[in-house]
Amino acid sequence: MDQKAYWIAFNKVAGIGPARLDMLMKACGSVEAAWKASIRQLKEAGLDKRSLESLLEARRTIDPQAELARVQSADIQVLTWDDAHYPANLRQTDAPPPVLYVRGELLPSDEWAVALVGTRRASAYGREVAHTVATDLATAGVTVVSGLALGVDTVAHKAALDAGGRTIAVLGSGVDQLYPPQNRGLALKIAQQGAVISEYPLGVRPEASNFPPRNRIISGLSRGIVVVEASQRSGALITANFAAEQGRDVFAVPGSILHPGSAGCNMLIQNGATPLLTSNDVLEQLNLIHIHELQSVRAVTPTDPLEEQLLAHLTREPSSIDEIVRNSQMSSAQVSSLLTMMELKGLVRQVGAASYVRA
């Protein structure tokens, strides 16, 4: 049986999230073995009583092969931790979703992505800023990520599409449950020129509790996040918090101190977010100003094993060349040569004198 059937089945089990699934797979050896494990094996793997009962009930009621057939008949692509095409940016976050359901197509170029989020009740100012920034990013070759909500999200998606660029919508429901209903047509267009994705199984309705967790995917897919307009209680601030925890750059559009809709953005700036004054602020800080050249270089000279090896020793915290040489056990000349090529490909970024971070 296709292993994806077991991934989909586990994704429908209440109480089995990324951490517990990872624990089960390490103990049992594979996702199929974890699904078929005995009660004794599951207990020895560390599964608590409540999760064990939930899994046993799921195994009585869920047919993995039938669930896979259902997804395939809906023309939905499923990506798991085992897939090479699982989004690279998201994979690097803590506890990435084990399963992603995709309508449309995710491309390698989506690694160069920026999220635009904000209030559902956008002002004329917020809508204009969202349109301008999304248009500029899409024109520069950056994939625009947002959440398909009314207001800022809708403007960002539409502007990216109108500019001929790519955009990704992350849902708080199954990808067959498009929400809000006013954006159903927009979602179908996005699926043709980008992707509509979710970690939730088919059939899951857009419950309020689903939206805060999906915000970590919006930020996780992106190199940075722009909060266009947000009140102090806006869900966009949840996305900004996830972005900060994931080591992403957070940009906020300043607004009037008299307008409640700008209070959240102004607070983010007060707490250290980068004020966004022009779209170039994002492109320059995230090293995306020459993205078309980066994509060309990446396409002509794909990552080789030595680059992958070196990349494993880099994080978003600056490392000096001496540290990289010591940790990788490569020669100084070899490390310098590799870093130069990796910077051209957009894999690493130089920060300060002879220090590098993972891009």
Just give me the residues in region 123-160 being on the phi > 0 side of the Ramachandran plot and under 17 Å from the mean Cα position of the chain (by Cα), in sequence order. 148
List, please: which pairs have Cβ atoms under 9 Å, are six or more places apart or on different chains, and start with a residue in region 94-111 that is over 21 Å from residue 187 (Cα atoms) and end with one that is crowded, with 22+ Cβ neighbours inside 10 Å and among the aromatic types (Phe, Trp, Tyr)? 98/7; 98/10
Consider residue 112 against the criteria (1) within 23 Å of residue 33 (Cα to Cα); (2) modelled with pLDDT under 95; (3) surrounded by 14 or more Cβ atoms within 10 Å (Cβ to Cβ): it satisfies all of them except one. Which criterion is unmet? (1)
Kindly provide the set of residues from region 50-89 that are over 20 Å from residue 36 (Cβ atoms) and in a helix (DSSP H, G or I), ordered by number. 50, 70, 71, 72, 73, 88, 89
Considering only region 130-144, how many residues are surrounded by fewer than 24 Cβ atoms within 10 Å (Cβ to Cβ), under 11 Å from residue 278 (Cα atoms) and among the β-branched types (Val, Ile, Thr)? 1
Keeping to region 90-108, report how many residues are surrounded by fewer than 17 Cβ atoms within 10 Å (Cβ to Cβ) and either assigned to a helix (DSSP H, G or I) or polar (S, T, N, Q) (or both). 3
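Residues checked against (1) aliphatic (A, V, I, L, M); (2) at pLDDT below 95:
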| site | (1), (2) |
| --- | --- |
| 214 | no, no |
| 219 | no, no |
| 228 | yes, no |
| 233 | no, yes |
| 249 | no, no |
| 254 | no, no |
| 269 | yes, no |
| 273 | yes, no |
| 277 | yes, no |
Failed item, numbered, when residue 335 is tested on (1) hydrophobic (A, V, I, L, M, F, W, C); (2) farther than 25 Å from residue 90 by Cβ; (3) loosely packed, with under 14 Cβ neighbours inside 10 Å; (4) modelled with pLDDT of 80 or more: (3)
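Yes/no per residue for (1) more than 17 Å from residue 19 (Cβ to Cβ); (2) under 28 Å from the mean Cα position of the chain (by Cα); (3) modelled with pLDDT of 95 or more:
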{"residue": "38", "(1), (2), (3)": "yes, no, no"}
{"residue": "45", "(1), (2), (3)": "no, no, no"}
{"residue": "48", "(1), (2), (3)": "no, no, no"}
{"residue": "51", "(1), (2), (3)": "no, yes, no"}
{"residue": "64", "(1), (2), (3)": "yes, yes, yes"}
{"residue": "68", "(1), (2), (3)": "yes, yes, yes"}
Checking 172, 194, 118 in turn, the sole residue that is touching a residue at least 40 places away in the same chain (Cβ under 8 Å), within 28 Å of residue 6 (Cβ to Cβ), assigned by TED's automatic domain parsing to the domain that holds residue 211 and surrounded by 20 or more Cβ atoms within 10 Å (Cβ to Cβ) turns out to be 172
Kindly establish whether residue 79 is surrounded by 13 or more Cβ atoms within 10 Å (Cβ to Cβ), touching a Phe, Trp or Tyr at 6+ places or on another chain (Cβ under 8 Å) and either without any contact (Cβ under 8 Å) to a residue 40 or more places away in the chain or basic (Lys, Arg) (or both). yes
Among the residues that make up region 62-70, is at least one of them over 30 Å from residue 168 (Cβ atoms) and of a type in the set (Val, Ile, Thr)? no
Of all residues in region 8-51, count the ones that are crowded, with 18+ Cβ neighbours inside 10 Å, in contact with a Leu (Cβ under 9 Å, 6 or more places away or on another chain) and in contact (Cβ under 8 Å) with a residue 24 or more places away in the chain. 12
Could you check residue 123 against (1) surrounded by 22 or more Cβ atoms within 10 Å (Cβ to Cβ); (2) among the polar types (S, T, N, Q); (3) closer than 18 Å to residue 237 by Cα and say which number it fails? (1)
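The values are calculated or read from the model by the stated rules, or taken from the named source; none is laboratory data. Here the structure is a predicted model, which means the values were calculated and not measured. No Cβ is skipped: glycine too gets one built from the backbone with ideal geometry, and neighbour counts run over all protein chains shown.
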